[in-house]
Structure formats: structure tokens, C-alpha cells
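Handing you this structure, nothing more for now.
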């Protein structure tokens, strides 16, 4: 988020008027553990840093580090829950939040984060994931089966329109569950989920994609044959990067791709046990277990009508 | 009435976006290749557009010939590249419309389709004569429907099967489940202009306006059946796999606003209640033969005969395993 200078000034004033230098340093250290205010301001250790100077330095450093929204969430915590048993009312906090809202971010009290307002913009990291940090995410991988044969068999514009239809189905299923398409290569892609009940959201999106592809093949498919896709869901901790190639090196993503390519039949969703463990028992009972060496490693979901 | 476009061109549906939005007609796109199979591949009672740019120069005359032989449908030609030298000849061959490069670029409104139907003297009632039913078409949406008047509707009775589990779980749980189910049902029927007309404990009666063409109501029922596990997982967040039955019929009734339906006497409503509550088995989506005439061709093979009830042949959707 590009922080307007008016918001920087307002936040600096709010911090300077609401807490002493000691407390504001603790706020900064909650975010950047080795934060050294004296070093940053150039004041000697023995000198007292004026409140306004300290506030300006901390807010500026947070903006420069891309941690401004995180800093504001800390201020909200100090204001509402408090710190070490004491609540610190932050002046101008409502105005600050209003300005952030106007910039297209909304506060998610469940996750204690500012997230993009989907009505304003959508980015790969929801506006909150910081490169180099680790996060638990859920992933969905989709791949259209037999892409190269289809491309050879049918005219280019027909294939493009069909794949665009599939992408629309995927977007509809993941957008409403706050998922983000991290990569899309025409015949498939990778989707990530971070907010809310992310692991369940990934599974439900996958189920909806399977269901909607089933309907698409019956009613609207442009090809003389059904579109077949493999879908897989898995979750794990990854180190976030703004570079897609770097992202793909994360093990949970590699595993998701492997589940899709090795263990998934066409028009089927395969979910790992990391995902199934978060689903209600009755739902899991309705899935088909996939066993490896006698133990259940995955479950699959598909739509099949009686013969 | 359905408009079917045979085309391989990306975004061809943009030409008809105003027509789709009007909800007077449904627009579907099928691959151009399926039209090459001849006139028999064209569904009856539809308006068919063929995109000539999706066919070779040698195929185009054959396609026009096939279309002109097709009884029970109106056809139009989409010509984005201005390939047709003699447009008048198309109309001599029986075409009802021609969309040249300018019309393709600009898009068309639903008024144009209505003009095509007038030009080809196609009255909605004509299509239904063969069925020998006294249908009073209510249209594709609710615009022309007034309380106190009789119309033909599609009736869909939806009822939960998990009665004993729900009854024994207390009022709060019961209200939560039925409330969630009702919201989910509304999500499924709204795109087809369906409305919950009556709600009784475990389910309700949904009605859809009926224009005499392929009914999207059936697609709504079909989606409800395949989304059962998804709904149980997503909407309820409870350890309960819901089961429900659906019965569907088309027939006449006097329309009254919701909540003022107590005095309505209708054979069609009785029939759908009997079918759903006395004949359908748990988990069934069944429909009468009267309704089956209006099933989308793509869904027909998913229905199988399920006996006779009250003098009508009944079909049911194959079970989702």
C-alpha cells in the first residue's frame, strides 16, 4: 500500500500524543524485534529522544519497511486489548482507519489484519503477505487433462474460448471464498487461500469447480467432447515471495502439484489428509479414500451418476 | 425461448449480452462443429444463429441449407467478416435474421429477437400446440404476472428428508438447519427466476415463470442435487449430510402473492405435493412427463423412467453416487 503523506503525519501525531517513547519502542519491537530507536535516530544511548522525533522515526521506518498496516493493527491492539495489562487509548485512531479504508483496505478483526477491499483491488498477497515471511496457506491446483491433444485437435479460438470458460468457473468458485489465483497458464493454475477457514475454503472451492465442470460439460461445453480437469487441494507453511518462480519452490506447493498429477483422476478433486482433517466427519465419509501402503493418504471427490 | 449460437469465436456472446440481460431469452453457445451434423442436431423451438466465420467457405452453403430445412426453429446468420455476398438470398432460403459486421460490433437488443419472431410469424403458443395443453404462458420473468390471474408455472416442491434427526434436535437446531437450507435454495432458484411461494416446516414450493421453452428450473433442481455434499459442508458447518427430495411439474394456477395463497385451488399444486410427499423416495429429483418435454437436451439422458403416478409417467434424475 502506498501510504499518503497526510496519513503518515496523522499517524505520527497519534503515536506522539498517545504513548511515551518507551511504549512506542515496544510497539516497534513487536514488529521488528531488533529495532533500535537510538541507532535509527542518531541519538546517543544516554540521550532522551523527544516524543515527536521518536514517533516520526518509527512511523517512517514502518512505511519504508512495508509494515505500516501491520503497525496500525498493533496500535488497534494497544487501543482495544492493551499491552501488559494496560490499555493505551490511541488518539485519532478512527481517522487513521477511515483514511486506510479510503485507500482500499478494510480491517479484518478475526485475523487482526488489514486486507484489501475486494471491491477496490485484488493482489496476489491480499495486501498483507510480506516477502520473506512464513505463512500457513491452503492451495488448489487445477490442470486440464490432455491439453496438447486438444490444442492439436481443435481450432485455436475454440480452445481459447473453452479455457476462458473454465477460468471463469474457477474464478467464481475461488473469489467468493477470498482465494487468489497465483498462476494461470491457460490450461490450469494454482490458487491460494489465506483468510478465514482457509483449508476448508480450498476444499469447498475444489468441490464447486468439479460440480460446475460437470454442469458445463452437460450444458455449455463448446467442444464436441467434455472438458476434463484434475483438481487437488493441500495446505502447508510457505515462505512468501513476490516472485512466482520462488513461490513454486515451496514444498507444500510442489506437493499440491504432485497430488494433482500423480493421484488425481480426470474430473476429480483429490485432497490431502491435512485438508480432510479439517472437514466434518460426515463429509469425509462421503469421499473416496485413496490408500498407499495400506494407509489412507488422500481422499477424492467427483460427481458420478448411477449407470 | 432459447437462442442457440453455433460458433467457435471467442466472446461471440457479447453480441447478445443485452438480450441475455433482458431475461426474455436464454442464450447458449455450442461449438460450430455440432451444426455440421445436420438439421437433426438443432433443438426444436429455438432461435438458432450460425456464425459463418466459424465455418470454411465450402461448409457455409451446406450449413445454410441444413438450417433452412429445420422445421420448428428460426435461424439467423452471424457474419462478422462480411462474407455473404447476397444477403437477400439468405432470407429467400428462410433466414429470419442477418447480423453483418456492423450489428456484430454494436450488439443487438431483445427487441430485435422479438421482431424476428414476428417476422417469422412464430407465436409462443404455436410451439405448444403439439402438446395439446391449455398452457397460459407466464413468460420468462415476473414482469407480466399479476395477482388474481391464471398462468402456467413450473412447480418445484423441495423437502428435507432428515425429518427425525431435525425433529429430535430442538427448536434452535431445527430453525438453523431449515433457515440455512432455505437460503441455499434461494441462491439456486434465483438465476432461473424462481421464487419460494409457500414454506412448510421441512421445505417449500417454488414456482418459476414458464414461457413454453426449455425450462431453466430443471437446471436449478439438477444443481441442487449435485451440490448436496457441498451444501452440507459449506452452509451448515454441522456434522450432518442433508438429504432432500424434489418433485417438479408444469401446470396452471391462479397466482396470488406469497402469504395469500390459502384460498388457491389448483390440480397442478396438488399433483406436485402428492408426487413429492407420497411418491418420491428420499434423495429423488423426479418430474412428470409434462415437465420432461422442457428438459434441456444436455440433461435428458440423466433422467430415467420411474413408474406412473396419478395417471402420469414419472421420470427421476439418476442418483448422484
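To the nearest 10 degrees, how steep is helix B:171-189 against the longest Cα principal axis of chain B, on a 0 to 90 scale?
The helix B:171-189 is inclined about 10 degrees to chain B.
Follow-up. Within 10 Å of each Cβ of B:216-228, how many other protein chain Cβ atoms are there on average?
Across the residues of B:216-228, the mean count of other-chain Cβ atoms within 10 Å is 2.
Consider a paramagnetic label point 7 Å from the Cα of residue A:228 along Cα→Cβ; state which residues of the range A:126-166 have an amide N under 18 Å from it.
A:142-154, A:163, A:166
Related question: R0 = 30 Å: FRET efficiency of residue B:34 with residue B:313, Cβ-based, nearest 0.05?
With R0 = 30 Å, the Cβ-Cβ based efficiency is 0.55.
Something else: Can you tell me the FRET efficiency between residue B:293 and residue A:6 if r is taken as the Cβ-Cβ distance and R0 is 56 Å, rounded to the nearest 0.05?
Approximately 0.25, to the nearest 0.05.
With both bridge residues required to lie in the range A:202-304, what share of the DSSP beta bridges run antiparallel, to the nearest 5%?
In the range A:202-304, DSSP labels about 70 percent of beta bridges as antiparallel.
Counting only DSSP beta bridges with both residues in the range A:134-302, what percent are antiparallel, rounded to the nearest 5?
The answer is about 90 percent antiparallel.
Could I ask something else about it? As a footprinting exposure proxy, order A:213, B:166 by other Cβ within 10 Å, with the fewest listed first.
With the sparsest Cβ surroundings first, the list reads B:166, A:213.
Now for a different question. Taking each pair of different alpha-carbon atoms in the range B:150-317 once, compute 1/r for the pair, average those values, and report the inverse of that mean as the Kirkwood hydrodynamic radius in Å to one decimal.
16.2
Then there's this: Taking 0.36 nm per intervening residue step and subtracting the Cα-Cα distance, what contour gain separates residue B:174 from residue B:266 on full extension?
30.1 nm
Here's something else I'd like to know. Give me the angle, in degrees from 0 to 90, between the Cα long axis of helix B:216-226 and the longest principal axis of the Cα atoms of chain B, rounded to the nearest 10.
Its long axis makes an angle of about 50 degrees.
With a point put 7 Å past each Cα toward its Cβ, work out how far residue A:176 is from residue A:306 in nm, to one decimal.
2.9
Semi-axes of the equivalent ellipsoid for chain B, please: Cα gyration tensor eigenvalues, times 5, square-rooted, ordered largest first, whole Å.
Three semi-axes, in Å: 40, 21, 18.
Pull out the extension gain between residue B:141 and residue B:187, defined as 0.36 nm times the separation in residues minus the alpha carbon to alpha carbon distance; nm, one decimal.
Working it through step by step, the gained length comes to 14.9 nm.
Give me the distance between the Cα centres of the range A:86-138 and the range B:276-321, rounded to whole Å.
51
Another question, then. Would you mind ranking A:71, B:155 so that the residue whose beta carbon has the fewest other beta carbons within 10 Å leads the list?
A:71, B:155
For chain A, set up a Gaussian network in which alpha carbons nearer than 10 Å are linked by springs, and say which option among A:154, A:105, A:240 fluctuates the most.
Per the Cα network of chain A with a 10 Å cutoff, A:154 tops the list.
Right, next: Using the count of nearby Cβ atoms within 10 Å as a rough guide to exposure, how do B:20, B:73, B:54 rank from fewest to most?
Starting with the residue having the fewest Cβ neighbours, the order is B:20, B:73, B:54.
Label point 7 Å out from residue B:149 along Cα-to-Cβ: which residues of the range B:191-234 have amide N under 16 Å?
Output list for this probe position: B:209-212.
Show that you can apply the helix-only estimate: for chain A, add -39,500 (n - 2.57) for every DSSP H stretch of four or more residues, divide by all residues, and state [θ] at 222 nm to the nearest 500.
-14000 deg cm²/dmol
Determine the calculated [θ] at 222 nm for chain B from helices alone, applying -39500 (n - 2.57) to every DSSP H run no shorter than 4 residues and normalising by the residue count; nearest 500 deg cm²/dmol.
-8500 deg cm²/dmol
Another question, then. Could you work out, residue by residue across A:212-223, how many beta carbons of other chains sit within 10 Å of that residue's beta carbon, and then give the average as an integer?
Counting other chains' Cβ atoms within 10 Å and averaging over A:212-223 gives 5.
Using the basic label-point model (7 angstrom from Cα toward the beta carbon), what is the residue B:17 to residue B:254 distance in nanometres?
Each label point is offset 7 Å from its Cα along the Cβ direction, giving 4.5 nm.
Which order, highest average first, do A:232-238, B:188-194 follow once you tally other Cβ atoms within 10 Å for each residue and take the mean per peptide?
A:232-238, B:188-194
For a Förster distance of 51 Å, can you work out the FRET efficiency between the beta-carbons of residue A:254 and residue B:59, rounded to the nearest 0.05?
0.65
Taken together, the values in this text are just the output of simple stated rules run on the coordinates, not laboratory data. Because the structure is a prediction, the values reported are computed rather than measured. Counting neighbours? That spans all protein chains shown, and the Cβs are built from the backbone with ideal geometry, glycine included.
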